[in-house]
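The values are calculated or read from the model by the stated rules, or taken from the named source; none is laboratory data. In this text, all values refer to a predicted model and were calculated from it rather than measured experimentally. Cβ placement follows ideal geometry from the backbone for every residue including glycine, while neighbour counts extend to all protein chains displayed. Quick note on the areas: whole protein, heavy atoms, side chains included, nothing else; ligands and nucleic acids left out. Shrake-Rupley method; radii C 1.70, N 1.55, O 1.52, S 1.80 Å.
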Amino acid sequence: WLAREPGKTYRLPTEAEFEYLHRAGARTAYPWGDDGTAACVYANVADRQAKRRKPEWSTFPCDDGSPVTSEVGRYRANALGLFDVAGNVWEWTQDCYGPYRDITGDVANNGAADCSRRVVRGGTWSDATRNLRSSDRTASAPTATLNIVGFRVVRD
């Protein structure tokens with residue numbers, strides 16, 4: 001339905017675009033700074049509620065108020081005015097997954113030998129510190145149906 005909007009093209013962000021919107025100009029580990037413990041103000045993360053349910057998890061020392069996924073916009077926006085760029089759900093990018101050293105200028109395949117896995121970024125409600133860093137990335141099969149992966153679109 002969105003693609004039918006006359007004169008407008010929508011797509012998934014590239015991995016580089018997602019990192020840019022995630023960082024929002026920051027050169028810190030997280031969009032909000034280097035202090036991971038501030039996450040509950042900015043992101044839906046593994047917190048004290050998660051620790052009670054899963055004692056073995058590594059969690060943030062706070063309570064963000066959401067035991068699983070939360071509604072969009074519940075937490076503070078980043079410096080670009082974007083919500084939920086860290087935590088809540090991983091987000092699809094259009095890029096194929098490959099090691100950074102293989103990345104070329106071709107955003108269609110990121111230098112990967114095949115496209116059996118796509119890059120997802122941003123971390124989830126079940127993630128602790130490491131997965132919310134602006135530089136963190138992982139991969140998923142494009143055919144996977146997961147309740148911890150979502151998407152945002154960009155307009156050309």
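Could you give the length gained on full extension between Ala141 and Arg155, defined as 0.36 nm per residue of separation minus the Cα-Cα distance, in nm? Provide the component values of the computation, followed by the final result.
On the way: separation 14, 0.36 × 14 = 5.04 nm, distance 2.41 nm.
My answer for the length gained is 2.6 nm.
For the range 1-82, what is the relative contact order in percent, using Cα pairs closer than 8 Å and at least 6 residues apart in sequence?
On the way: 75 pairs, mean separation 21.4, N = 82.
So the answer I get is 26 percent.
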Go through the range 71-79 residue by residue and turn each phi into a ³J(HN,Hα) via Karplus (6.51, -1.76, 1.60, θ = phi - 60°); whole Hz please, and just put x for glycine and proline. 5, 5, x, 6, 10, 4, 6, 7, 5
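Quick one: dipole size for the chain, taken about the Cα centre, charges +1 on Lys/Arg Cβ and -1 on Asp/Glu Cβ, in debye to the nearest 20. Display every interim value, and only then the final one.
Working: 21 positive and 20 negative charges, 51 e Å.
In total the dipole reaches around 240 debye.
If you count, for each residue, the other Cβ atoms within 10 Å and average over each peptide, how do 81-89, 54-62, 118-126, 140-148 line up from highest to lowest?
Packing proxy ranking, top to bottom: 118-126, 81-89, 54-62, 140-148.
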³J(HN,Hα), Karplus 6.51/-1.76/1.60, whole Hz, each residue of the range 147-154, x for Gly, Pro: 7, 10, 10, x, 7, 9, 10, 10
Where only protein heavy atoms count, and the probe is 1.4 Å, what is the accessible area per residue for the chain in Å²? 55
